[in-house]
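Peer 1: Handing you this structure, nothing more for now.
The values are calculated or read from the model by the stated rules, or taken from the named source; none is laboratory data. None of these values were measured; they are calculated from a predicted model. Methodologically, a virtual Cβ is constructed for each residue, glycine included, from the backbone with ideal geometry; neighbour enumeration extends over all protein chains shown.
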Amino acid sequence: MEFAQSLRLILPEEILSIGGLVLLLAAAWLGDKASRAISIASVALLVAAAAVTVPTLSGGAMGPDTQAFLGQFRADAFAAYAKLLIYVSGAAALMIAPRFFEQFRAMRAEYPVLLVFAVLGTGIMVSAGDLMTLYIGLEMNSLAAYVLASFLRVDNRSAEAGLKYFVLGALASGILLYGMSLTYGFTGTTSFAGIHAALTGQLSTGALFGVILVLAGLAFKISAVPFHMWTPDVYEGAPTPVTMFFSTAPKVAAIALTMRVALEAFGNQADAWRQVVVFAALASIVVGALGAIGQSNIKRLLAYSSINNVGFILVGLATATQAGASAMLVYLAIYVMMSIGSFVAVLMLRDAESNQIESIASMAGLSRTRPLLGWCLLVMMLSLAGIPPLFGFWGKLVVFRAAVDADMIALATLAIVGSVISAYYYLMVCKTMFFDEPADQVKGASDWAHWALLLIATLFNSPLGYLLTGWFDNLAGKASAALFLAA
Amino acid sequence: MVDLSQYLPILIFLGIALALSSLFVFLPMGVSRLTGTHNPDAEKLSEYECGFPAFEDPRSQFDVRFYLVAILFIIFDLEAAFLFPWAVSLDMTGWPGWITMMVFLGELAIGLAYAWKKGALEWE
């Protein structure tokens, strides 16, 4: 009975794993000419998985009924919220890929299959209720991601990105496993609930090392400073649809996982990890803001921008309150849409021979040569900078409000200063597009799927996004309530 | 603070290991010098590594087919390693344990079918 109940709870994962295996066989037998059909089938799988996840979130599922396999897996509202963001990012990465890879004659039927498995892994990460589940999900996502990063295998930069991601990902896994083994050694359990109960009162030195090493391993995955060094190289080298995927789905999953580990498993020791999170947040904001200023490649600039954004999200974690967790979830949703929009726009920058344009200088005068694209990118950049009428401002506002409510006014002030610094390079891109003499290099026509995604993301980030604030507050509130019920 | 006294057994263990391993290295050396069999030549002084030359340029060509076969072998070798503990504990895990392992074997079979169709098993 328990087993059957568990199988019902992991229905989204069952859809993705069985569907992914069927598509793998289809990819082998039908070959690369069927890759568009397999991409469409993969999007359908993600839609089906999202459809069975929605009731979990809207019903605000929480408590013992959501625990599968004796608490190793949690199908609660918090996991459902993160999973829906992941499915949206995965579907976007599938929809923009065929057109991109076809111009290099490199579209393979394995791309959608790998992406489905990566999404499955991230889904397991956010549902983890045990250190073992955490690690299985993390590795399942990472192994697929290493291959995706080097998917353009004749391109040197793509191969380099894959190798770098692999080496640093393996290092991060090692650190994480070391922390997990210390935590297990000092608490005698791998389940989050058990660790929560065991880590009370004064923390022993060994357990402290365990907590810090686990957080360091997770900081690699969310690319928080000082474990961010792989991000610009991997984001620049990986094919743009894959970069878009990396900056959304695995990041959402790793941040949700960090929240669950920090607030639930280590929830009694918030004072021990808070200083680490505050440092990582401020360092990410500063490095993300200063590092981007000297960049001439738009993908590297967006990589630093994502480091910067992770810093703002971690400000919410440093509060260790339910309001902070809810603010992080709202910020994450807005961040995902900003990332999708900006990377799709970058993908659409192509010259007359339909080569990708990545240098910021070639985007000069884009507002006159390609007005619609220019204006959409303007909305994305200003939204990333958090300029008020746009929706990106709302994400920053809720996070800072949570920090102020938790009496962390100094942290909020420093984060706002960092936000002002980062506005400089977003505005530089806007200035290049709107006021410089046209370089007239962007020529290539774009797929309807690219335009559709870009326009949806632009509408979401435009002031119209504020119509969704009540809805988001409600959903994020349900999700964070599920997270804090266990903690 | 961590109570270090509980780690005394591991300290003793490491001391014994260090003493024994030093003995294994230095005792034969001493004996050979004392009995007069100490007679080094180039072959004796070179490193031994499975019959391959130990030091050479790493940028040599290497047939990727060896790698493919090796990685397929590792997957099925690990599967066998999984099957032993599963088989002896089947009376405790029951039907859920049996079903889980069958799902795992099915996934491996799909992986093998993929590799086979892609031609990974053909040497030429």
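Peer 1: Can you pull out every residue in segment B:96-124 that is away from chain A (no Cβ under 12 Å), over 24 Å from the mean Cα position of the chain (by Cα) and within 28 Å of A:Glu2 (Cβ to Cβ)?
Peer 2: Correct list: B:Met101, B:Met102.
Peer 1: From A:Leu7, A:Leu57, A:Leu84, which residue is assigned to a helix (DSSP H, G or I) and within 12 Å of chain B (Cβ to nearest Cβ)? Before you say what the answer is, go through the steps one by one.
Peer 2: On the way: A:Leu57 fails: within 12 Å of chain B (Cβ to nearest Cβ); A:Leu84 fails: within 12 Å of chain B (Cβ to nearest Cβ).
Result: A:Leu7 is the single residue among A:Leu7, A:Leu57, A:Leu84 that is assigned to a helix (DSSP H, G or I) and within 12 Å of chain B (Cβ to nearest Cβ).
Peer 1: Sticking with this structure for a sec: Starting from segment A:194-218, take each residue that is within 14 Å of chain B (Cβ to nearest Cβ) and list its partners that are not in a helix (DSSP H, G or I), counting only C-beta distances under 9 angstrom and pairs at least six apart or across chains.
Peer 2: A:Ser204/B:Met1; A:Ser204/B:Val2; A:Thr205/B:Met1; A:Thr205/B:Val2; A:Gly206/B:Val2; A:Ala207/A:Leu199
Peer 1: Oh, and also: Going by what's in this entry, would A:Glu353 be described as out of contact with any strand residue (DSSP E or B) (no Cβ under 6 Å at 6 or more places or on another chain) and not in a helix (DSSP H, G or I)?
Peer 2: Answer is yes for this residue.
Peer 1: Right, another one. Which residues, taken from segment B:2-46, are within 14 Å of chain A (Cβ to nearest Cβ) and of a type in the set (D, E, K, R)?
Peer 2: Passing the criteria: only B:Asp3.
Peer 1: Can you tell me which residue in segment A:24-39 is nearest to the chain's Cα centre (by Cα), limited to those that are within 11 Å of another protein chain (Cβ to nearest Cβ) and either of a type in the set (S, T, N, Q) or surrounded by 14 or more Cβ atoms within 10 Å (Cβ to Cβ) (or both)?
Peer 2: The initial filter retains those residues of segment A:24-39 that are within 11 Å of another protein chain (Cβ to nearest Cβ), namely A:24-31.
With either of a type in the set (S, T, N, Q) or surrounded by 14 or more Cβ atoms within 10 Å (Cβ to Cβ) (or both) added as a condition, the list becomes A:24-28, A:30.
Details: A:Leu24: 25, A:Leu25: 29, A:Ala26: 29, A:Ala27: 27, A:Ala28: 30, A:Leu30: 32 Å.
Filtering segment A:24-39 for residues that are within 11 Å of another protein chain (Cβ to nearest Cβ) and either of a type in the set (S, T, N, Q) or surrounded by 14 or more Cβ atoms within 10 Å (Cβ to Cβ) (or both), the one nearest to the chain's Cα centre (by Cα) comes out as A:Leu24.
Peer 1: Looking only at segment A:369-396, filter to residues that are more than 20 Å from the chain's Cα centre (by Cα) and within 15 Å of A:Tyr331 (Cα to Cα); which one of those is surrounded by the fewest Cβ atoms within 10 Å (Cβ to Cβ)?
Peer 2: My answer is A:Pro388.
Peer 1: Continuing with the same structure: What about A:Ala403, is it surrounded by 21 or more Cβ atoms within 10 Å (Cβ to Cβ), within 22 Å of A:Tyr235 (Cβ to Cβ), modelled with pLDDT of 90 or more and in contact with a Ser or Thr (Cβ under 7 Å, 6 or more places away or on another chain)?
Peer 2: No.
Peer 1: Just to be sure I understand, how many residues within segment A:32-85 are more than 25 Å from A:Glu102 (Cα to Cα) and out of contact with any strand residue (DSSP E or B) (no Cβ under 8 Å at 6 or more places or on another chain)? So that I can check it myself, show each step before the final result.
Peer 2: To start, the set of residues in segment A:32-85 that are more than 25 Å from A:Glu102 (Cα to Cα) comprises A:48-85.
After this cut, where a residue has to be out of contact with any strand residue (DSSP E or B) (no Cβ under 8 Å at 6 or more places or on another chain) as well, the list is A:48-65, A:69-70, A:76-85.
Summing the residues that are more than 25 Å from A:Glu102 (Cα to Cα) and out of contact with any strand residue (DSSP E or B) (no Cβ under 8 Å at 6 or more places or on another chain) in segment A:32-85 gives 30.
Peer 1: Among the residues of segment B:72-124, what is the count of those that are under 19 Å from A:Val113 (Cα atoms) and touching a helix residue (DSSP H, G or I) at 6+ places or on another chain (Cβ under 9 Å)?
Peer 2: Number of matching residues: 14.
Peer 1: Of (1) in a helix (DSSP H, G or I); (2) more than 15 Å from the chain's Cα centre (by Cα), A:Phe104 satisfies all except one. Which?
Peer 2: Every condition holds for A:Phe104 apart from (1).
Peer 1: Quick check on segment A:173-196. Is at least one of its residues modelled with pLDDT under 90 and outside any helix (DSSP H, G or I)?
Peer 2: Among the residues of segment A:173-196, not one is modelled with pLDDT under 90 and outside any helix (DSSP H, G or I), which makes the answer no.
Peer 1: Restricting to segment A:10-22, what's the tally of residues that are touching a residue at least 40 places away in the same chain (Cβ under 8 Å) and either within 11 Å of chain B (Cβ to nearest Cβ) or outside any helix (DSSP H, G or I) (or both)?
Peer 2: 3
Peer 1: Hey, does segment B:86-95 have a residue that's within 10 Å of chain A (Cβ to nearest Cβ), part of a helix (DSSP H, G or I) and either free of Cβ contacts under 8 Å to residues at least 40 places away in the same chain or basic (Lys, Arg) (or both)?
Peer 2: Checked segment B:86-95: at least one residue is within 10 Å of chain A (Cβ to nearest Cβ), part of a helix (DSSP H, G or I) and either free of Cβ contacts under 8 Å to residues at least 40 places away in the same chain or basic (Lys, Arg) (or both).
Peer 1: Determine if segment A:290-298 includes at least one residue that is in a helix (DSSP H, G or I) and hydroxyl-bearing (Ser, Thr, Tyr).
Peer 2: Checking segment A:290-298: not a single residue is in a helix (DSSP H, G or I) and hydroxyl-bearing (Ser, Thr, Tyr).
Peer 1: For segment B:15-24, does any single residue satisfy the condition of being more than 30 Å from A:Gly185 (Cβ to Cβ) and not hydroxyl-bearing (Ser, Thr, Tyr)?
Peer 2: Filtering segment B:15-24 for residues more than 30 Å from A:Gly185 (Cβ to Cβ) gives B:22-24.
The next check asks that each one be not hydroxyl-bearing (Ser, Thr, Tyr); those that pass are B:23-24.
Checked against the condition, which is being more than 30 Å from A:Gly185 (Cβ to Cβ) and not hydroxyl-bearing (Ser, Thr, Tyr), segment B:15-24 yields at least one hit.
Peer 1: Mind listing whichever residues of segment A:120-142 are in a helix (DSSP H, G or I) and small (Gly, Ala, Ser)?
Peer 2: If the condition is that a residue be in a helix (DSSP H, G or I) and small (Gly, Ala, Ser), then A:Gly121, A:Gly123, A:Gly137, A:Ser142 are the ones that fit.
Peer 1: Mind listing whichever residues of segment A:57-71 are more than 13 Å from A:Ala476 (Cα to Cα) and at pLDDT 85 or above?
Peer 2: A:Thr66, A:Gln67, A:Ala68, A:Phe69, A:Leu70, A:Gly71
Peer 1: Among the residues that make up segment B:10-19, is at least one of them out of contact with any helix residue (DSSP H, G or I) (no Cβ under 8 Å at 6 or more places or on another chain) and farther than 30 Å from A:Ala207 by Cα?
Peer 2: Yes, because at least one residue in segment B:10-19 is out of contact with any helix residue (DSSP H, G or I) (no Cβ under 8 Å at 6 or more places or on another chain) and farther than 30 Å from A:Ala207 by Cα.
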